[in-house]
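Nothing in this text is a laboratory measurement; each read-out follows from the coordinates by a stated rule. In this text, all values refer to a predicted model and were calculated from it rather than measured experimentally. Because the Cβ atoms are built from the backbone with ideal geometry, glycine has one as well, and the counts that use them run over all protein chains shown.
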Amino acid sequence: MGIEQYNPLVRAFAAVKEIDPTAWAYAFGASEPIVETIRNVFIGIDAVLFVAFIAVLMQAVKYRPILQPEHGEAVKKAYTLRDALMRERWSAIVARAAPGQPDSIRFALIEADKLADDVLKKLGFEGEHMADRLEQIDEDELRSLSGLWRAHRVRNNLVDTPGFAMSVDEAKKLLSLYEVFLKEVHIVE
């Protein structure tokens, strides 16, 4: 045993080789009651820190960001002047389509498509045409996307195809598709 019994560092490194957790303390000459006391103190500190962590975590939950409102919970939104103008535009479109004349409904559909395009621009979608903006949207992000695509295609036929005809009922259904989109993005209620 020679020098090892007198040098605490040599005894400590020998203890590391044995991988005995209490060997460090014994290597430096601590007695068993002291080691047990230190161990119990650290266990107590760990328990207090764990309880404190849980308490802080429970308090922090109140301040977490809520990304999606709960079902049935009203969404509070600050309306801007632009939103008010878009609502007025939608009211004018609905008023134009109300008489049920084919030409007035035709113009109402074209205006509704332009309004939907302006809303998409306001939401930050970029592109040269409305179709470019619609292609950037995922069906999971916008439930009314397929209806909006359908209404936009019919609007393109109205503008680009000479003699394209549709019934008044079909035109009103298409206007309702635009309305569903505008409700989903909280432009109209």
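Some points to look at:
- Potential lengthening of the chain between residue 94 and residue 51 amounts to 9.4 nm, from the contour at 0.36 nm per residue minus the alpha-carbon distance.
- In the structure shown, the pairs 122/183; 114/172; 121/172; 114/173; 122/172 are assessed against 22 Å; a Cα-Cα span above that value is assigned to 121/172; 122/172.
- Note that the range 81-184, at 37 °C in a medium of 0.692 mPa s, gets a Stokes-Einstein diffusion coefficient of 235 µm²/s from its Kirkwood radius over C-alpha pairs.
- Panel order for 149, 90, by other beta carbons found within 10 Å of each beta carbon, from fewest to most: 149, 90.
- Between residue 184 and residue 164, the FRET efficiency estimated from the beta carbon spacing at R0 = 35 angstrom works out to 0.80.
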